[in-house]
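One structure is given below, encoded as structure tokens.
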Amino acid sequence: MTPKGQVTIPQFIRNKLGLRPGDKFVWELLDTGEMKVKRLDPLEAMRLTIGEEFRRSGITPEQLDALLEETRSRVFPRYIRERYKNDQS
């Protein structure tokens, strides 16, 4: 480990997990003291990133849920209309 706390993930582990530069992953400390590394799929990484941004902004999880629901109710019907209009053309 470097003085900054940075750790190099050995190549055989990167290969086994399919890690590429820019990929997101998490470390999990097990009760045994062992570390578990898990590569995040892009959707899960995006969810965590968005959640962190909202936490920093002071928006509560309940407020985030309400914002997402409001956005879904506005965007989804428009998406469906556009999709079916394009499919029927």
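The values are calculated or read from the model by the stated rules, or taken from the named source; none is laboratory data. The model shown is predicted, which means the values in this text are computed figures rather than measured ones. A quick note on method: Cβ atoms are made from the backbone with ideal geometry, for glycine too, and the neighbour counts reach across all protein chains shown.
Please tell me if Asp23 is surrounded by 11 or more Cβ atoms within 10 Å (Cβ to Cβ) and of a type in the set (Asp, Glu).
Values: surrounded by 11 or more Cβ atoms within 10 Å (Cβ to Cβ): yes; of a type in the set (Asp, Glu): yes.
Judged against the criteria, Asp23 is a match.
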>> Name the single residue that is farthest from the chain's Cα centre (by Cα) among those in the range 1-55 being over 30 Å from Asp65 (Cα atoms) and of a type in the set (Gly, Ala, Ser).
In response: Gly33
> Within the range 9-60, which residues are of a type in the set (S, T, N, Q) and modelled with pLDDT under 90?
Replying inline: Thr49, Ser57, Thr60
